[in-house]
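The values are calculated or read from the model by the stated rules, or taken from the named source; none is laboratory data. Keep in mind the model is a prediction, meaning the values are calculated, not measured. As a convention, Cβ positions derive from the backbone with ideal geometry for all residues, glycine included, and neighbour counts pool all protein chains shown.
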Amino acid sequence: MYSLAIYLYMLAVGFVAIFNKRARMLAVGHRKAFFQLKRQVKKGERYVWFHAASLGEFEQGRPLMERVRREHPELKILLTFFSPSGYEVRKNWDGADVICYLPLDTPTNAQLFFHFVRPECLFLIKYEFWQNYLKGCKKLGIPVYSVSSIFRPDQVFFRWYGRGYAKVLDKVAYFFVQNEQSRQLLASHGHKNVTVVGDTRFDRVLDIRDAAKPLPLVERFAQDAEVFVAGSSWPPDEALFIPWFKRRNPSPAPSPVREGGAVGVGCSAYSPRKLIIAPHVIGEDHLRNIETALTGHRVLRYSAATEDNVAEAEVLIIDCFGLLSSIYRYGRLAMVGGGFGVGIHNVPEAAVYGIPVLIGPNNQNFREARHLLDAGACFEVHTADDFAETADRLLSDTAAYDRAAAAAKQYIADNAGASDTIFYHVFPQAENR
């Protein structure tokens, strides 16, 4: 039944690919995967296999991949993705030796996959449990490790109709889970091979913070201003912080705008309050809507920023990917978007810099966000008035701000180290070096 469902899914993807670019990328990528494996996998080399569904899971697995690369240079890294949003962004990452899509989980594909590569072990990041591939691993004696996973009673493994599929968990050699609830749930179903290690994402955000390079244009924009950073924002998030920013920064007297990409009206006087917006969706319509909402202020896109025009801007829109994790350090306060729809984005990415973070209410299934709320480092907002009250209080009450900032730093520090625990369990000889 499982394999039949995969075949039906394969047919559906092929049909949708006629009309949908994302589905087409997925279908083409899966077909090309075997050609990549045949061409790139070298006989006689030892491979460690990491599988990530998408970009978020890749970031969780990255600290462990980098640790293996650093401590065991004799091992090669095979990295597979299921989603185009992961593969297309990281297909040229130099931290892995082979990067490709994971062909759909049919018995034939799994058999062909292991014909081209026999990894020494497999790390599944967070949620991916592909039955036919795991059967192949079990048959070939390839240990499988589940990393940064979270288990809940409503998942298919633990429902009456998922009893057959639940057997896939028997193929996992060891579970490194994020919380005690996951450990207890697995134990209640006979899985004792579990350790609570937390989320490797904390190690990743610390690595990003420590390796962050200066961004000269952003530094010149920020100068000594009180900067509010809106990361991965969606329109519902923007409907809260843009009115607040406009109230705190009344439109200045009109003056000509310099050439170089700034729009709207402004003045040459420097404002002590500035706004950086990194939209989750970087599309022309979305960018224009943001600019329209900020009419009357000096708004500048990062792609048009220069040394000459960036210092005079009041608002900087980050219209490219890859900078947000470094930009948070320039903020006095931040909002992480997604909490009014798709679900909150990466809160630790901002909190690692020791700044209070505001989020929307859709955060119940995001462990780190909930813990930061409990710690007093993060603040849930529901309306524009709610947002304004919280932001104004934090920026006007030094003691309250300092408590929140310290709590953010402490939470990240207390939860780091998952990658070390996993690494030394799988490669125990490295701990004694």
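If I filter the stretch 78-126 down to residues being among the basic types (Lys, Arg) and either over 17 Å from ARG39 (Cα atoms) or touching a residue at least 12 places away in the same chain (Cβ under 8 Å) (or both), which single residue comes out as surrounded by the most Cβ atoms within 10 Å (Cβ to Cβ)?
The first filter runs over the stretch 78-126 and keeps only residues among the basic types (Lys, Arg), leaving 90-91, 118, 126.
Narrowing further to those that are either over 17 Å from ARG39 (Cα atoms) or touching a residue at least 12 places away in the same chain (Cβ under 8 Å) (or both): 90, 118, 126.
Details: ARG90: 19, ARG118: 16, LYS126: 21.
Ranking the qualifying residues of the stretch 78-126, first place goes to LYS126.
Out of the residues in the stretch 180-202 that are under 17 Å from LEU124 (Cα atoms) and touching a residue at least 60 places away in the same chain (Cβ under 8 Å), state the one that is surrounded by the fewest Cβ atoms within 10 Å (Cβ to Cβ).
Only one residue fits best here, namely THR195.
Kindly indicate the residue of the stretch 131-176 that is at pLDDT 95 or above and among the β-branched types (Val, Ile, Thr) and also surrounded by the most Cβ atoms within 10 Å (Cβ to Cβ) among those meeting that condition.
Top of the filtered list is VAL147.
Go through the stretch 153-173 and give me each residue that's assigned to a loop (DSSP other than H, G, I, E, B), farther than 17 Å from ASN193 by Cβ and either in contact with a Ser or Thr (Cβ under 8 Å, 6 or more places away or on another chain) or touching a residue at least 40 places away in the same chain (Cβ under 8 Å) (or both). Walk me through it before giving the result.
Of the residues in the stretch 153-173, the ones assigned to a loop (DSSP other than H, G, I, E, B) are 153-155, 159, 163-164, 172-173.
Then drop every residue that is not farther than 17 Å from ASN193 by Cβ, which leaves 153-155, 159, 163-164.
Selection gives GLY164 alone.
Among GLY343, GLY339, which is the only one that is within 18 Å of the chain's Cα centre (by Cα) and without any contact (Cβ under 8 Å) to a residue 40 or more places away in the chain?
Result: GLY343 is the single residue among GLY343, GLY339 that is within 18 Å of the chain's Cα centre (by Cα) and without any contact (Cβ under 8 Å) to a residue 40 or more places away in the chain.
Cβ contacts < 7 Å: first residue without any contact (Cβ under 8 Å) to a residue 40 or more places away in the chain, restricted to the stretch 361-384; second residue acidic (Asp, Glu), any location; separation 6+ or different chain. Result?
Going by the 7 Å Cβ cut-off, the qualifying pairs are PRO361/GLU380; ASN363/GLU380; LEU373/GLU380.
Within the stretch 385-426, take every residue that is in a loop (DSSP other than H, G, I, E, B) and touching a residue at least 40 places away in the same chain (Cβ under 8 Å) and give me the one that is surrounded by the most Cβ atoms within 10 Å (Cβ to Cβ). Outline the logic, then answer.
The first filter runs over the stretch 385-426 and keeps only residues in a loop (DSSP other than H, G, I, E, B), leaving 397, 416-417.
Applying the additional criterion that residues be touching a residue at least 40 places away in the same chain (Cβ under 8 Å) yields 416-417.
Details: ALA416: 22, GLY417: 15.
Ranking the candidates gives ALA416 first.
Out of the stretch 178-204, which residues are over 21 Å from ALA413 (Cβ atoms) and either within 25 Å of the chain's Cα centre (by Cα) or part of a helix (DSSP H, G or I) (or both)? Lay out the reasoning, then the answer.
Filtering the stretch 178-204 for residues over 21 Å from ALA413 (Cβ atoms) gives 181-194.
Hits for the stretch 178-204 are GLN181, SER182, ARG183, GLN184, LEU185, LEU186, ALA187, SER188, VAL194.
Assuming ILE18 fulfils every condition listed in (1) in contact (Cβ under 8 Å) with a residue 40 or more places away in the chain; (2) outside any helix (DSSP H, G or I) apart from one, which condition is it?
(1)
Can you confirm whether SER271 is at pLDDT below 90, crowded, with 18+ Cβ neighbours inside 10 Å and outside any helix (DSSP H, G or I)? Walk me through how you get there before you give the answer.
Details: at pLDDT below 90: yes; crowded, with 18+ Cβ neighbours inside 10 Å: yes; outside any helix (DSSP H, G or I): yes.
Here the answer is yes, as SER271 does meet what is asked.
Hey, could you check the stretch 44-77 for residues that are under 14 Å from ARG201 (Cα atoms) and aliphatic (A, V, I, L, M) and say which is surrounded by the most Cβ atoms within 10 Å (Cβ to Cβ)?
Result: ALA52.
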